[in-house]
Amino acid sequence: MPPHGRSSETLAVARTAPRPAPPRVAGLEEALAFRLGPRVLLAPLLALALILATGLGLGWWLADRLVREDARFVAASTSDFLRKLVPGLETLLETGTVSAEQRDALRRAAARSRVVAVTLLDRNGRPILGGRDILPDAPAPLPDDGTVHALVAEALERRDVRAAIRPVRAPGWPEQVGEAVVPIGRDGRLAGLLQISVDLTDKVVAYRSTFIWSLVVVTALFLLAAVVPGYFLWRRLEALEAAAAEVRHLAFHDPLTGLPNRLLFQDRLAQAIARVRREGGKGALLVLDLDDFKAVNDAHGHAAGDELLRSVARSLARAVRATDTVARLGGDEFALVLAPLASLEGLRAVLDRLRRELARPVEVDGHEIVPAATIGLALFPDDGEEPDLLIRRADGALYRGKAERRGTVVWHREPPPGAWSGSAPDRP
């Protein structure tokens, strides 16, 4: 190729130039593409969800444990109160015989604000006295859902107070009942048991409300601790991704025109050859060089030369289909890959559009310039199926055109009329 008098392709000029949208790349550029995407933040978010779920379970368990402990305390204090006020309570449990004096004392001692029902059990866990026989205002007895039976068995085995929370839906009963079983001993042996039902509705509501609000506060703090750094991390990731996209673009595109550069052009050419080999048809490689471009630089300056190159790039892109490739190889040299082509007439139609687009005057630095270009053309697979061979043959045709007849299309080997026929390619 003849030398080109260009020295103005600086980064500063390149960054001020509007870039056409780069075409999709299926080869080298896609192979190097990567995303830093939202998966980077997935692990912290999962960790946050795990912490919150753990806190939810632990907090709910702790609230229930506090309520059970409250039931244990009320039951233990009530049993102590009964033992002090009811004469011969241990004897009553052992014999199962209740005197009028003991019944009256039981009623007075059990009439505490949160006690709903009291039942006396013998050492084997069988009821002796309970319900309205002790508390006249006690609600109707509840069928045992297994809770009381389990508590009695545990109290007999462990000889200590056992308690559980029991949700109740029955007339006269509170919504949350604490069931507690207290062993009563005398002289180191078990005399009997007290089953005490305690109203814990307000306690359950208070403890769980406290827990829920605590969880809300902790969740808000966790979210604040995650969102604020996460926001800056996300912005940083976006900046890194944008920088990576810019690096990818600069690696495969010309910074002045936004067209594919030589590296990407060679990959596109190899793909086009493979497609024609696989699907049939023809393809064409055009190497284009502007005529007298150095004179534009010398007369109007390098900025004007840059504007002319950008205008030529837009003209070439308008003349071909979206599936074709227009690349800038360097200086004022461009290359076009047209594939697939169904007919020679279709290729000539593309060449006519190229001539019309390049014939449009370009206003540069207040002057109208009509670009002139010489084109070297090689067909594949007719003139070869290797990218380097096709480039050499298209370059050779361009050299001949520069030396003999500038401003024309020079074929490496023009096919004879009628040798290649078919329908014309689709217009872009």
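Residue ranges 256-262, 89-95 sort as 256-262, 89-95 when ordered by packing (mean number of other C-beta atoms within 10 Å per residue, highest first).
May I ask you to sort 369, 212 by Cβ crowding, counting other Cβ atoms within 10 Å and putting the fewest first?
Values: 369 20, 212 14.
Final ranking by Cβ density, sparse to dense: 212, 369.
Using C-alpha pairs below 8 Å separated by at least 6 residues, the relative contact order for the range 78-155 is 23 percent. Each label point was placed 7 Å from the Cα along the Cα-to-Cβ direction; for residue 278 and residue 250 their separation is 3.3 nm.
Go ahead and run the numbers for FRET between residue 62 and residue 263, Cβ-Cβ distance against an R0 of 60 Å, rounding to 0.05.
Numbers: r = 64 Å, r/R0 = 1.07.
Once the sixth-power term is evaluated, E becomes 0.40.
Straightening the chain between residue 222 and residue 388 buys 53.7 nm, computed as 0.36 nm per residue apart minus the Cα-Cα spacing. Taking other C-beta atoms within 10 Å as the exposure proxy, 214, 209 rank 209, 214 from fewest upward.
Look at 253, 149 and count the other Cβ atoms within 10 Å of each Cβ; fewest to most, that gives 149, 253. Simple rule: put +1 on each Lys or Arg Cβ and -1 on each Asp or Glu Cβ in the range 44-205, find the dipole, and look at 200, 96, 47; the Cα lying farthest toward the positive end is 96.
Here the label points at residue 299 and residue 356, each 7 Å from Cα along the C-beta direction, are separated by 2.7 nm in the simple model. Label sites at residue 400 and residue 80, each approximated as a point 7 angstrom past Cα along Cα to Cβ, lie 11.6 nm apart. Legend: calculated FRET efficiency, residue 413 to residue 322, from the Cβ-Cβ distance at R0 = 25 Å, rounded to 0.05, equals 0.30.
Across the range 182-283, C-alpha contacts under 8 Å between residues 6 or more apart give a mean separation that, scaled by the residue count, equals a relative contact order of 9 percent. On the principal axes of its alpha-carbon atoms, the range 44-205 has extents of 68, 36, 26 Å, going from largest to smallest. For the range 200-275 versus the range 285-342, the spacing of their alpha-carbon centroids is 38 Å.
Every read-out reported here was derived from the displayed coordinates using simple, explicitly stated rules and does not represent laboratory data. As the structure is a prediction and not an experimental result, all values here were calculated from the model. When we count neighbours, we look across all protein chains shown, and the Cβ atoms used for this are built from the backbone with ideal geometry, even at glycine.
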